[in-house]
1. Which of (1) closer than 19 Å to A:Asp180 by Cα; (2) modelled with pLDDT of 95 or more; (3) of a type outside the set (A, V, I, L, M) does B:Arg142 not meet, given it meets every other one?
2. Against the condition aliphatic (A, V, I, L, M), over 30 Å from A:Ile156 (Cβ atoms) and buried (at least 17 other Cβ atoms within 10 Å of the Cβ), how does A:Leu30 come out, does it pass?
3. Considering only region A:185-199, state which residues are at the interface with chain B (Cβ under 7 Å from one of its Cβ atoms) and either part of a helix (DSSP H, G or I) or closer than 19 Å to B:Gln122 by Cβ (or both).
4. Looking for something out of contact with any Gly (no Cβ under 8 Å at 6 or more places or on another chain), at pLDDT 95 or above and farther than 22 Å from B:Ile37 by Cα - is there at least one such residue anywhere in region B:64-81?
5. Does A:Asp178 qualify as being at the interface with chain B (Cβ under 7 Å from one of its Cβ atoms) and surrounded by fewer than 20 Cβ atoms within 10 Å (Cβ to Cβ)?
6. Just to check your reading of the model, which residue among B:Leu154, B:Leu150 is surrounded by fewer than 20 Cβ atoms within 10 Å (Cβ to Cβ), at the interface with chain A (Cβ under 10 Å from one of its Cβ atoms), closer than 24 Å to A:Pro185 by Cβ and among the hydrophobic types (A, V, I, L, M, F, W, C)?
7. Of the residues in region A:167-183, how many are without any contact (Cβ under 8 Å) to a residue 60 or more places away in the chain and in a helix (DSSP H, G or I)?
8. Report yes if B:Leu168 is at pLDDT below 95 and not β-branched (Val, Ile, Thr), otherwise no.
There are 2 protein chains.
Amino acid sequence: MTSGTDAPRPPGRPRSVRADEAIVEATLDLLAEGSTIETISVEAIAARAGVGKATIYRRWPGKNALLHDALRTLKGDPPQPAGRSVREDLITLVSAIGQHIDPRAAKIMPCLVPVVKRDPEQYALYQNIIGPRRAVMREVLRRGVHDGELRADLDIEVAMAMLTGPMLIQRVMNWNPDLDATTLPEKVVDQVLAGIAAR
Amino acid sequence: MTSGTDAPRPPGRPRSVRADEAIVEATLDLLAEGSTIETISVEAIAARAGVGKATIYRRWPGKNALLHDALRTLKGDPPQPAGRSVREDLITLVSAIGQHIDPRAAKIMPCLVPVVKRDPEQYALYQNIIGPRRAVMREVLRRGVHDGELRADLDIEVAMAMLTGPMLIQRVMNWNPDLDATTLPEKVVDQVLAGIAAR
């Protein structure tokens, strides 16, 4: 470990990474406490993170770019399915829906909804965050059709909604107290695969 | 029309009904403008409605009872399916999901979510509002199993989530820009009935 100065080096990651993290964390804290993506300001984020506004603008061109990175951090990376069978991959993907590691997500994500519906720029931001997850599921379904595991005439976008919707309303809204979110992924996948009509 | 006084009778419904409506409307306006079911107060509702607090407490035992009635008014009555076939009834019910006549609902309902998840009393209120709609769909599915249109081993609660989830995330969250909410009910019902697996 070499250092150009005699000052003790702070432990852990370099200062610039810690500043980035502090800014992202401050953004998420403010959103979880009730700021909306419309009302939150770079000033308030800077104050909360203990940095100057210039520090934020050196790293992000504007508020929306920062919000995008903060919300991506909150959501984490999309899960990567193992690719052994469509059923197994879908259970992996459906299990990850609404399964946020960060408890602030449960407060932030639902209230994004009214905002993104009235502001096209915010809607684009929201789609940038959830789009990559949809893309992973779309690929699994396409592969299933290609390999003959799924119906050739499958409407893939509709199937994605059939797989995602149940978990999202149960995990995010606690929609039905008679459903257990931990066993729901496997049940949804199996019932979506088999259909509910009598043979 | 007889009246005990010489004062001109206001047109339309009696005064007490108009006061009830004004109170309910004031509650919904405040919620749509950003009050939450936790932060909204009987004082604020009374001021907005132009009535005294005593007028509210004469009609409702407390804030939660008023919120319950206001949110029920917002949601409207559950749709009544015609009962000709399971497919037709499910399309009727799925089409009604997230189809609020009142535009305030789109602002109020999503932000209920974080509140109802941390407060059991508010969760009960929320379930009182959405429960009757689930009950109508459950009855259609039970009838379908009984009549042999649906699989005998159907998991009805899971099927309800498969039918409701796609419409709810699309109508409430604009989840996927590549899905058309107007054609989605029929597509979801048909694909849920048939399943997505190859035969």
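The values are calculated or read from the model by the stated rules, or taken from the named source; none is laboratory data. Just so it is clear, the model here is predicted, and its values are computed rather than measured. Positions of Cβ are backbone-derived with ideal geometry, glycine not excepted, and every protein chain shown enters the neighbour counts.
1. (1)
2. Taking the combined requirement at face value, the residue satisfies it.
3. Once the filter is applied, which keeps residues that are at the interface with chain B (Cβ under 7 Å from one of its Cβ atoms) and either part of a helix (DSSP H, G or I) or closer than 19 Å to B:Gln122 by Cβ (or both), region A:185-199 yields A:Lys187, A:Val188, A:Gln191, A:Val192, A:Leu193, A:Ala194.
4. Among the residues of region B:64-81, not one is out of contact with any Gly (no Cβ under 8 Å at 6 or more places or on another chain), at pLDDT 95 or above and farther than 22 Å from B:Ile37 by Cα, which makes the answer no.
5. When the stated conditions are applied, A:Asp178 passes them.
6. Checking each option against the conditions leaves just B:Leu154.
7. Summing the residues that are without any contact (Cβ under 8 Å) to a residue 60 or more places away in the chain and in a helix (DSSP H, G or I) in region A:167-183 gives 1.
8. Here the answer is yes, as B:Leu168 does meet what is asked.
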